[in-house]
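The structure under discussion appears below in the form of C-alpha cells.
The values are calculated or read from the model by the stated rules, or taken from the named source; none is laboratory data. This one's a predicted model, so the numbers in the text were calculated from it and none came from an experiment. With ideal geometry, Cβ positions are generated from the backbone for all residues, glycine too; neighbour counts draw on all protein chains shown.
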Amino acid sequence: MAARLAPALPLLGPVALGVAIMLVGDFMFALNDAMGKWLVESFSVGEVLLVRSLGAFLVLGPLLLRQGKAKLFSPERPGLQILRAACATADTGLFYAAVAHMPLADVMTFYMAGPIYVAAIGHLFLGEKVGWRRWLAILLGFAGVVVALRPSAASLSLPSLYALVGSLAFAMTLVLARVLRRTSDVTLVGWQTLAALLAGAAFTVTSWTTPAPLELGALLLLGVVSCTAHMMITRSLKLAPASTLAPLQYTLLLWAAVFGLAFFGNSPTPQVLLGAGIIVVAGLFIFHRQKVVDEGVPPKTVPRTLH
C-alpha cells in the first residue's frame, strides 16, 4: 500500500514522502490501538491476537509469496528471530491487556519510552557508544516513566505493570530488529505475526467467544490495519533518515488522547501528562544527539522498494 503512494504524490521528494507516509502510518497505529481497546472489552487478549494475526496475513500473504519461502524459512540467526518474535508477541499481548483497563494515552506513554530503553540497551549489549549527554537524557526518560507509573502502594496496578513490561518487550523488539537488519522486513513481520497467531491460539483454547459477523470483520480488520501500518513505517524509513522520522512517533500520544477521549471518555491524568512530557523531551534530545553524532557519516543508499 505504501509503495502505491509514490505515484500519487509526484511533487514530494523522498524525504517529504517518507514524512507523509510515517504520519499516516502512525495514525493507523493509533487507530489499531483504539480498535484493540474496543475489542478486548468483548474478547480475550488471546482471541484478539489470534484473529488479528489471521487478518494480518491477508496483507502479508501476497508479500510472502512474492518474496519466496526461502527467505522466510531460512532467515539469518534463527534463534534471535524466535526471540524477537516472542518479544513482539509479548509487546502486543501486554499492550492489549493494559488498554483493557487503562486509558489509551496512559498506556501509550509507557510505550513512548521504548526508544529511551533502546539507547540504554544498545550501549549495554550492542556496544553502541552513548555519551554523557544522552545518558542524562536516558535517566530523565526513566524519571518520566516513574512519574507516569505513580509507584505507590495505593496506586501501582497490574495493568500499569503490563504496560511497563510490554514497553520493555517493545524496546527489545526494536533492538533485535537492528541486530537482524539484513533480514527482509516482510520476513521479520511474518515471523512475529506467526508467533502472535500461535500464542493467540494457545491462550484461546479455554476462552473462545464466537464473534458475530460484524465483530469478526472488526477483528480481521484490526490485523489488516496493523500490518499495513507496519509496512508504511518500514517504507518511510527507506525514504527518509530515521533521525528525521523518529520524533514523529510522538504524534501517537496525541492520537491516543484524541481517540481515548472521543470513543471511551478517557482523559490522561495530570501526572501521566507530566510523565509523558518528560519522556518526550528526553526522547527528542536523544534523537538530536544521535543526529549530531552521525553528522559527517556518508549517507547510505536508500532502497526504493520493499524487500
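Tabulated results
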item: Top-ranked residue of the range 46-75 - restricted to ones that are in a helix (DSSP H, G or I) and among the polar types (S, T, N, Q), ranked as farthest from residue 207 (Cα to Cα); result: 67
item: Residue, farthest from residue 211 (Cα to Cα), within the range 30-63, restricted to residues that are out of contact with any Phe, Trp or Tyr (no Cβ under 8 Å at 6 or more places or on another chain) and of a type in the set (Phe, Trp, Tyr); result: 57
item: Residues located in the range 10-40, provided they are in a loop (DSSP other than H, G, I, E, B) and either modelled with pLDDT of 85 or more or in contact with a Leu (Cβ under 6 Å, 6 or more places away or on another chain) (or both); result: 40
item: Residue that is surrounded by the most Cβ atoms within 10 Å (Cβ to Cβ), among those in the range 156-181 that are outside any helix (DSSP H, G or I) and without any contact (Cβ under 8 Å) to a residue 12 or more places away in the chain; result: 156
item: Residue check, residue 43 aromatic (Phe, Trp, Tyr) and part of a loop (DSSP other than H, G, I, E, B); result: yes
item: Members of the range 194-221 found to be outside any helix (DSSP H, G or I) and either at positive phi or loosely packed, with under 15 Cβ neighbours inside 10 Å (or both), listed by number; result: 205, 206, 207, 208, 209, 210, 212
